[in-house]
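See below for the structure under consideration.
The values are calculated or read from the model by the stated rules, or taken from the named source; none is laboratory data. Bear in mind the structure is a predicted one, so any value in this text is a computation, not a measurement. Here Cβ is always computed from backbone atoms with ideal geometry, including for glycine, and neighbour counts include all displayed protein chains. Keep in mind that these areas ignore ligands, DNA and RNA; they rest on the heavy atoms of the full protein, side chains included. Shrake-Rupley method; radii C 1.70, N 1.55, O 1.52, S 1.80 Å.
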Amino acid sequence: MLRPRQRLGPLKAFVLAGGAGTRLSPLTSYVPKGMIPIGGRPFIDYVVSYLSKHGVKNIMMLLSDADSEVFRNHLDDGSKFGVNIGYSISPRMGTAAALKEASAHVDGTFVVYYGDVFTDLDLSEMIRYHKSKGAMCTLALSTGVKIDYGVGRVDRDGRIEYFAEKPILPEYPVSIGVYVCEPRFLTYLSSGTDLAADILPQVITKGEKVYGFLTKERHYDIGSFKQLDEAKEVLKPEKSRKKQSAVG
């Protein structure tokens, strides 16, 4: 007999959206990365809608003081999305510093979401997985992302024994930019300025229970013009996609 799925309590998401977006310059000189319009909507709308779909109705936007006003004018208190949006505003000092600045708002298990990422990852299932493992932190890892380069393996003599151009390497899953964490994770935030580069390796080295939630779903970010174009194609309104297919 199948047991009903455990109901998830209310969680808060901390959305990292304060980056300068230098690789998208000069576009980001005029509009913050998360506010770039895609399919007729600012990109951040897709993030908020995604979190809401998975029952995460309390969202804290982690923003820089350089461009917070643009986000606040658009998102307001979140009521038009059916969510509650708050704001933590600080100078640009890195993702770990931004989360540390907002740490007073952590009141239980929480989600960290990189605000330049879109994914169809089953966040609800990831949260259940995190709880079932008793994890301190769980990372979403995709087994469906192509590596951007040709990859080879050589033997001791230097002879190539394997080569593939832009392969998918499921044995090396790629971080999507979505974490589920417990409040104790915050105690490590002084170990560096960047969550991925500094904090997570430190947490793992200390032997904390860090798990990976594997998914075949890939993610799309808007960190460069190439990636922005990919995201635009994926998030293009359905009517436009059908019209383009018909023309093709």
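Tabulated data
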{"read-out": "All lysines inside 16 Å of LYS232 as judged from Cα atoms, apart from same-chain residues fewer than 8 positions distant", "value": "LYS33, LYS242, LYS243"}
{"read-out": "Inter-label distance for VAL151 and SER25, nm, one decimal - labels placed 7 Å from Cα along Cα-to-Cβ", "value": "3.2"}
{"read-out": "P(r) weight above 17 Å for segment 16-141, C-alpha pairs, percent", "value": "60"}
{"read-out": "Whole-number percent relative contact order across segment 100-169, with pairs defined as alpha carbons under 8 Å at least 6 apart", "value": "22"}
{"read-out": "CD proxy at 222 nm, helix term only [per DSSP H run n ≥ 4: -39500 (n - 2.57); per residue of the chain; nearest 500]", "value": "-7000 deg cm²/dmol"}
{"read-out": "Only Lys, Arg (+1) and Asp, Glu (-1) charged, at Cβ; segment 1-124 dipole about Cα centre in debye", "value": "420"}
{"read-out": "Reach of LYS206 by Cα under 16 Å, taken over aspartates and glutamates that are not fewer than 8 positions away in the same chain", "value": "GLU182, ASP198"}
{"read-out": "Accessible area (Å², per residue) of segment 40-98, counting only protein heavy atoms and a probe of 1.4 Å", "value": "42"}
{"read-out": "Pair MET93, GLU161: separation of 7 Å Cα→Cβ label points (nm)", "value": "4.9"}
{"read-out": "Residues listed by number, segment 117-144, amide nitrogen under 14 Å from LYS216 label point at 7 Å toward C-beta", "value": "121-122, 142-144"}
{"read-out": "Burial ranking of peptide ranges 161-174, 194-207 (average Cβ count within 10 Å, highest at the top)", "value": "194-207, 161-174"}
{"read-out": "With every protein chain in place, the chain: carbon and sulfur % of accessible area (1.4 Å)", "value": "51"}
{"read-out": "Residue-normalised accessible area of segment 122-248, expressed per residue, 1.4 Å probe, Å²", "value": "61"}
{"read-out": "Rounded if a/c under 1.5, otherwise prolate or oblate - the chain, Cα gyration tensor axes", "value": "rounded"}
{"read-out": "Exceeding the 21 Å Cα-Cα cut-off - candidates LYS57/LYS131; LYS57/LYS80; LYS146/LYS226; LYS53/LYS236; LYS100/LYS133; LYS12/LYS216", "value": "LYS100/LYS133; LYS12/LYS216"}
{"read-out": "Percent of Cα-Cα distances greater than 16 Å, calculated over segment 99-207", "value": "68"}
